[in-house]
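Structure first, commentary second.
The values are calculated or read from the model by the stated rules, or taken from the named source; none is laboratory data. Fair warning: this is a prediction, and the values are worked out from it, not measured in the lab. A quick note on method: Cβ atoms are made from the backbone with ideal geometry, for glycine too, and the neighbour counts reach across all protein chains shown. SASA here: full protein model, heavy atoms, side chains in, ligands and nucleic acids out. Shrake-Rupley method; radii C 1.70, N 1.55, O 1.52, S 1.80 Å.
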Amino acid sequence: MGWTDREIHTTEEDTNVYRALILTFLASTAGAAEPDPAKLEYFEKKVRPILVGHCYACHSADTKPAGGLRVDDRNGIITGGNGGKAIVPGKSAESLLLKRVAKDAKKRMPAEGEHLTDEQIAILSKWIDEGAVWPPVKLPSSFGKQKEKYEELKREHWAFQPMTNPKAPKVADAGWAMDDIDRFVLAKLESAKLKPVGDADKLTLIRRITFDLTGLPPTPAEIDAFVNDDSKDAFPKVVDRLLASSAFGEQWGRHWLDVARYGESTGPSRNIPYPHAWRYRDYVIDSINADVPFNRFIQEQVAGDLLPAASEDESNRLKIATGFLALGVKDVNQRFKVRFLMDNVDEQIDAVTRSVLGLTVSCARCHDHKFDPVPQADYYAMAGIFTSTDNAAGVRNLMGGGGLAYYAPEMLVKLGGALPAAPTEQVEKLKAEVEEAKKKWDAIRGTPEGLKKAADGFPTQRPFRLKYEKLQADLNALNDPAARGLATHGVRDGKQIGDTEIRVRGEAEKLGPTVPRGYLTAFSVPGAPPINPKQSGRLELAQWLTSAQNPLTARVAVNRVWSHLFGRGLVATVDNFGVTGDTPSHPELLDHLANRFVSDGWSVKKLVRALVLSRTYRLASDSNESLKSHDPANKLLARHAPRRLTAEEFRDAALAAAGTLDAKRPEGSPAKAMRMVEMRDNGPEANGIHEAADKSRSRSVYLPLLRGVTPKALEPFDPVDQTLVSGSRDTTTVPGQALFLLNSSFVRRQSLALAERELKDTKVSDADRIQRIYRQTLGRTPTEKEQARAVAFVAEYESAAREEFRTAKPVAKKPAAAKPKKKAEEPEDPDQIDQTGEAVADDVVQPKDAKTAAWLALVQALYGSAEFRYVR
C-alpha cells in the first residue's frame, strides 16, 4: 500500500512534509524515468495506429467521447466510459475493450467501418498483458522550482503572519476618540499632522446609517424621532433598531450573495435555470438576521451536510447552506465529463479561497502560482477534497443537448419532508399518453418517411419525438420529488473518496502524481484537523478555514465589513490579500478588529455596531485643502467617504419613496417554476423573467437573478458580476444612466405613484405638497430657493402639458404577439416553451392629465438628482 493510501490520521505538519517530499522528488526527476523503450515502440508502431484508425472517430478529444469513453488518453481508456473500465493493465481477459471488438460481441465495435482482424486483436491483447504502456505525461521542467521564493514570501508577506494583538495607541487629542477604533485612526492622522473633519449633522447621519444597515432610506417619522432626540443614546438606539430589523439581513445578505457569486442559472454556453437557488438566498438572509457566528456560517456552507442536525428542519437548512458550493457558473455544454468535473472543482476552489481567505488559489491549477506561495500540489491537495464531493447542482454535461437532456434529478440534494402523492388518475392518464406517443415515435423513427423533410424544413418525424419527450417529461415531473419542490442545489460526499492527481498544465486528462488531500502551505494553522480518509475532507477544510489560528479568515471578514461601511477596505483589494494585493492602510487596526471579532464570538452584528458607533464613522464627508493635498484618497480616514447607492438600493429607495415597496419576503422566486432546460437569453423564458422582475414590488434582493438576464431596473447602475467572487462592485458613470433616469418606465412609474398619492389630498397647497415630496425622496425639506423653483417648474410644466394633452392622440399599448399555429401532431418544442407567460405588452407610463404629468416630472427630477443617488 502506498503512503498516499494509508488510512491513518496525519497532522497538518505531516501532510505538508509529505507534499514537500513529492515536490522535491518530482522537481529532481521531471523529464526522467521513461518506460521500457521497446514497449513504447511497440505501442507507437502497432497499437496507436489501431486506435487511431478504428476508434478515434467516436472516442477522442477531437471528435466525441461516445458512451463517455476516450481512447486517445491512457487515463481515459483505463477509466473507461459508461460501461466501466475499458482496459485492465496486465489482464486482457478482463478488459472490456477486447470483449467489444471480439467477433462474437453482441454489439461489436467499431459500429461503423471495418472491424478488427484477429491479428489486430492479438496486438491489443499483448499490449494490455504487458501493462498497457503509454508514453508518459512529462512534468514541466519548471515544476516545483519556486521553493526558495515561496519560503521567503511565507516569512515576509504580511497576510501570512499570525495575527498580532496590538494595544490601542496613545493620542494627543484623547477626548476625540470614542473607541479604540478611533485611537488607531487618530494616531495615523496625528503622525501625518492631519486633523479629522467635524461630525456629520444628524440628518446626514441617519440617512447614512439607515442605508448602510438596511439598504433603505429612513422614513420622515424616523428622521424626526432621531433629530429631535437630544439624549446621549439617541444614535445607539437607532443603530440597535436597524440591526434588529429584517431589512438588515436583506442588505447584508446581499453583500454576502455578491461574494458567493449567487445566480439562479448556470450561465454561459447553455443557460440552465437553478429553480431551487432561492432557498440558498433565503438561508443567507435568515442567517445574517439571526447573527449566526461567521465561523459557523462558513462551516455550514462548506460542509453543512456533514454537520450534526437535531431535527429534520435543521438538516434541511444545513443542506441548503451547501448551495454556496453548487450555484456557480457551469459549462454544461462541455463535451468531456472529466473536464466538466475539474472545471467545477476549480470554480469551487476559487469561490472558497477568494471569499474566505482572499487568495487567488485557482491560479495554481496549471502551474505553481506566479506570485503567491501556492504550489500546484497545494491546489490539487484541495482539489482532492472536491473531487471526493458530488456537485449536486442538478445538471450534467452534454454537448449539443436539448430539452431536459441537461437535467440530472439524481444530482440534486433531496430534502426531508412529506410530499403529497401524485394524483393517481393523472399519472395513469399520462402513462397511457406516453405509451401511445412512444409507439408512434418508434413507428416512424428513422424510416424514409420519418427522415423526409416537411414543409418547415425539419424531418417529418420531429413532431412525434417532441410530443413523446414532452409527455415523458410531464410524467417524470409528477413522479420527481425534486420537480415538486423537495430538493435543493448543494453538495454531498461522493461515492468515491480519495486523493487526486496533479493535472499536468491543468489538462484534466494528463495525470501526474497523486497528492494527499490537505490545506494550503502558505501559512500555518496550528491545531488544524487531519483529513478524515473516510470522508471528502470538507468538514476538516471548514474547520481549518474558520480556525481562530488562521491568519487570513478573520482579517478578510472584518475588512469586508469595513469596506461596506467606509467605502474602502483597510486593505483596498478586498478579494486579494496575496502579494499582488494592497497592503493595509492601518495594519494594527486590522488585527485589532480581527481579534475583537473572534473574541466577540465571530458576531457580525457586534462588529457592525462597534464600527458605526465609532467617531470615525460619524464624521462628515466634507474635505479641506489640507486633506485634498496630503490624503486625496482618504486612506487615513480624516473624513467619511460619500458613496453612490447600489443598483438595488436605488430601486428600493425609489419604491420606498413612492410608497409602493412591499417589504414582505415573497415566496420563492419566479425561477422556481422553471424547468431545468436551456433558457435562451432573448427567448420567451427570459422575457417572462424580465416581466416578473418589472412587476415585482419586493426588495431587489428577491428579484429573479438568472445569469445573463439582469432585471432592467438594476442594469444601469453596475449590478454585481455573478460569475466570480465580488467583494466590491464597480461604480461607473456613463451616459446610459442619465437616459435611464429620464426614460425608464420603472422610474416614471414610481414618480407617477408618488405624484398621484400626493395629489389625492386636494386640501394641501402646492407649497406643502412640494415639502412632503422632498421629505419622501431626499429626507429633508427644500430650501426657500428650491421651493420657489419647484413651484415655478410645476406651474410651467402643467401649462405646457395641457396643450400637449389637448392635441395628443391616445397612446395604445402594443398587443401581445400571437403564437404561430402548429400542426395537430406538433406540440411546443421543449427548447422553445415559454415557461413564464405570454408576450409582454410595451409598458407605457401615462399620467391622466397635465397636472399629474407636472408633478410626475418634479418627482422624476428628484429621483434623478445626485442627492437621491448618493449617501454622504
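Could you list, in sequence order, the residues of the range 754-791 that are assigned to a helix (DSSP H, G or I), open to solvent by less than 50 Å² (accessible area, probe 1.4 Å) and under 19 Å from residue 656 (Cα atoms)?
Once the filter is applied, which keeps residues that are assigned to a helix (DSSP H, G or I), open to solvent by less than 50 Å² (accessible area, probe 1.4 Å) and under 19 Å from residue 656 (Cα atoms), the range 754-791 yields 754, 755, 758, 759, 769, 770, 773, 774, 777, 778.
Report, by residue number, each residue of the range 712-753 that is open to solvent by 80 Å² or more (accessible area, probe 1.4 Å) and among the β-branched types (Val, Ile, Thr).
The answer is 731, 733.
Applying the selection to the range 144-162, what residues are in contact (Cβ under 8 Å) with a residue 24 or more places away in the chain, open to solvent by less than 100 Å² (accessible area, probe 1.4 Å) and not in a loop (DSSP other than H, G, I, E, B)?
149, 150, 151, 153, 154, 158, 159, 160
Let's see how each residue does on (1) touching a strand residue (DSSP E or B) at 6+ places or on another chain (Cβ under 8 Å); (2) at pLDDT below 95; (3) crowded, with 18+ Cβ neighbours inside 10 Å; (4) not hydroxyl-bearing (Ser, Thr, Tyr):
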site: 592; (1), (2), (3), (4): no, no, yes, yes
site: 601; (1), (2), (3), (4): no, no, no, yes
site: 607; (1), (2), (3), (4): no, no, yes, yes
site: 610; (1), (2), (3), (4): no, no, yes, yes
site: 620; (1), (2), (3), (4): yes, no, no, yes
site: 625; (1), (2), (3), (4): no, yes, no, yes
site: 630; (1), (2), (3), (4): no, yes, no, yes
site: 641; (1), (2), (3), (4): no, no, no, yes
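Quick grid of which residues meet (1) without any contact (Cβ under 8 Å) to a residue 12 or more places away in the chain; (2) over 30 Å from residue 397 (Cα atoms); (3) open to solvent by less than 10 Å² (accessible area, probe 1.4 Å); (4) acidic (Asp, Glu):
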residue	(1), (2), (3), (4)
230	yes, yes, no, yes
239	no, yes, yes, no
246	no, yes, no, no
267	no, no, yes, no
285	no, yes, yes, no
301	no, no, yes, no
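Might you let me know whether the range 102-123 holds any residue that is more than 20 Å from residue 40 (Cα to Cα), over 46 Å from the mean Cα position of the chain (by Cα), assigned to a helix (DSSP H, G or I) and not small (Gly, Ala, Ser)?
Scanning the range 102-123, I find at least one residue that is more than 20 Å from residue 40 (Cα to Cα), over 46 Å from the mean Cα position of the chain (by Cα), assigned to a helix (DSSP H, G or I) and not small (Gly, Ala, Ser), so the answer is yes.
Is one or more of the residues making up the range 794-808 modelled with pLDDT of 95 or more and loosely packed, with under 13 Cβ neighbours inside 10 Å?
So far as the range 794-808 goes, yes, one or more of its residues are modelled with pLDDT of 95 or more and loosely packed, with under 13 Cβ neighbours inside 10 Å.
Suppose we keep only residues that are of a type in the set (S, T, N, Q) and closer than 24 Å to residue 414 by Cβ within the range 303-336. Which one would you say is least open to solvent (accessible area, probe 1.4 Å)?
322
Condition test on residue 527, is it buried (at least 21 other Cβ atoms within 10 Å of the Cβ), in a loop (DSSP other than H, G, I, E, B) and either without any contact (Cβ under 8 Å) to a residue 60 or more places away in the chain or of a type outside the set (Asp, Glu) (or both)?
For residue 527, the condition - buried (at least 21 other Cβ atoms within 10 Å of the Cβ), in a loop (DSSP other than H, G, I, E, B) and either without any contact (Cβ under 8 Å) to a residue 60 or more places away in the chain or of a type outside the set (Asp, Glu) (or both) - is not met.
Considering each residue of the range 642-656, count those that are in a loop (DSSP other than H, G, I, E, B) and in contact with a helix residue (DSSP H, G or I) (Cβ under 6 Å, 6 or more places away or on another chain), and give that number.
1
Is one or more of the residues making up the range 143-152 hydrophobic (A, V, I, L, M, F, W, C) and modelled with pLDDT of 90 or more?
Checked against the condition, which is being hydrophobic (A, V, I, L, M, F, W, C) and modelled with pLDDT of 90 or more, the range 143-152 yields no hits at all.
Okay, residues lined up against (1) farther than 30 Å from residue 374 by Cα; (2) of a type in the set (Gly, Ala, Ser):
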| site | (1), (2) |
| --- | --- |
| 71 | yes, no |
| 83 | yes, yes |
| 91 | yes, no |
| 107 | yes, no |
| 111 | yes, yes |
| 114 | yes, no |
| 123 | yes, no |
| 132 | yes, yes |
| 146 | no, no |
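Identify all residues within the range 437-449 that are of a type in the set (Gly, Ala, Ser), modelled with pLDDT of 90 or more and within 45 Å of the chain's Cα centre (by Cα); write none if there are none.
Residue satisfying the conditions is 437 alone.
Search the range 342-364 for residues being among the hydrophobic types (A, V, I, L, M, F, W, C) and under 28 Å from residue 66 (Cα atoms), and hand back the single one that is surrounded by the fewest Cβ atoms within 10 Å (Cβ to Cβ).
342
Given 47, 52, which one is over 19 Å from residue 512 (Cα atoms), modelled with pLDDT of 85 or more and in contact with a Phe, Trp or Tyr (Cβ under 8 Å, 6 or more places away or on another chain)? It would help to see each step written out before you state the result.
Details: 52 fails: in contact with a Phe, Trp or Tyr (Cβ under 8 Å, 6 or more places away or on another chain).
When all the criteria are applied, what remains is 47.
Which condition breaks for residue 339 when tested against (1) within 23 Å of residue 500 (Cα to Cα); (2) of a type in the set (D, E, K, R); (3) surrounded by fewer than 24 Cβ atoms within 10 Å (Cβ to Cβ); (4) within 20 Å of the chain's Cα centre (by Cα)?
Of (1) within 23 Å of residue 500 (Cα to Cα); (2) of a type in the set (D, E, K, R); (3) surrounded by fewer than 24 Cβ atoms within 10 Å (Cβ to Cβ); (4) within 20 Å of the chain's Cα centre (by Cα), only one is false for residue 339: (4).
Test residue 511 against the stated conditions and say whether it is open to solvent by 30 Å² or more (accessible area, probe 1.4 Å), of a type outside the set (Val, Ile, Thr) and either closer than 30 Å to residue 165 by Cα or touching a strand residue (DSSP E or B) at 6+ places or on another chain (Cβ under 7 Å) (or both).
Against the criterion (open to solvent by 30 Å² or more (accessible area, probe 1.4 Å), of a type outside the set (Val, Ile, Thr) and either closer than 30 Å to residue 165 by Cα or touching a strand residue (DSSP E or B) at 6+ places or on another chain (Cβ under 7 Å) (or both)), residue 511 qualifies.
Go through (1) more than 30 Å from residue 580 (Cβ to Cβ); (2) hydrophobic (A, V, I, L, M, F, W, C); (3) open to solvent by less than 30 Å² (accessible area, probe 1.4 Å); (4) at pLDDT 95 or above for residue 184 and report which single condition fails.
Unmet condition: (1).
Within the range 557-590, which residues are charged (D, E, K, R), over 21 Å from residue 251 (Cβ atoms) and either open to solvent by less than 30 Å² (accessible area, probe 1.4 Å) or in a helix (DSSP H, G or I) (or both)? Can you show your working first?
Quick first cut of the range 557-590, residues charged (D, E, K, R) only: 560, 568, 575, 582, 588.
In the following step, the residues that additionally are over 21 Å from residue 251 (Cβ atoms) were identified as 582, 588.
Once the filter is applied, which keeps residues that are charged (D, E, K, R), over 21 Å from residue 251 (Cβ atoms) and either open to solvent by less than 30 Å² (accessible area, probe 1.4 Å) or in a helix (DSSP H, G or I) (or both), the range 557-590 yields only 588.
Can you report the number of residues in the range 375-402 which are among the charged types (D, E, K, R) and not in a helix (DSSP H, G or I)? Steps first, answer last, please.
First, pick out the residues of the range 375-402 that are among the charged types (D, E, K, R): 378, 390, 396.
Narrowing the set further to residues that are not in a helix (DSSP H, G or I) leaves 390, 396.
Count: 2.
Any residue in the range 625-634 that is in a helix (DSSP H, G or I), of a type in the set (A, V, I, L, M) and out of contact with any Lys or Arg (no Cβ under 9 Å at 6 or more places or on another chain)?
no
Can you name every residue in the range 678-704 that is under 25 Å from residue 402 (Cβ atoms), out of contact with any strand residue (DSSP E or B) (no Cβ under 7 Å at 6 or more places or on another chain) and not in a helix (DSSP H, G or I)?
Start the filter on the range 678-704 by keeping residues that are under 25 Å from residue 402 (Cβ atoms), which leaves 678-692, 704.
So of that shortlist, the ones also out of contact with any strand residue (DSSP E or B) (no Cβ under 7 Å at 6 or more places or on another chain) come out as 678, 680-692, 704.
Within the range 678-704, 678, 680, 681, 682, 683, 704 qualify.
Which of the residues that make up the range 437-461 are open to solvent by less than 90 Å² (accessible area, probe 1.4 Å) and of a type in the set (Asp, Glu)?
442, 456
Here is a yes/no grid of residues against (1) exposed (fewer than 13 other Cβ atoms within 10 Å of the Cβ); (2) at positive phi; (3) touching a Leu at 6+ places or on another chain (Cβ under 7 Å):
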site: 382; (1), (2), (3): no, no, no
site: 385; (1), (2), (3): no, no, yes
site: 394; (1), (2), (3): no, yes, yes
site: 423; (1), (2), (3): yes, no, no
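Given the condition at pLDDT 90 or above, farther than 30 Å from residue 141 by Cβ, out of contact with any Ser or Thr (no Cβ under 8 Å at 6 or more places or on another chain) and not aromatic (Phe, Trp, Tyr), answer yes or no: does some residue in the range 374-390 qualify?
yes
Out of curiosity, is residue 438 more than 30 Å from residue 336 (Cβ to Cβ) and free of Cβ contacts under 8 Å to residues at least 60 places away in the same chain?
So residue 438 passes the test.
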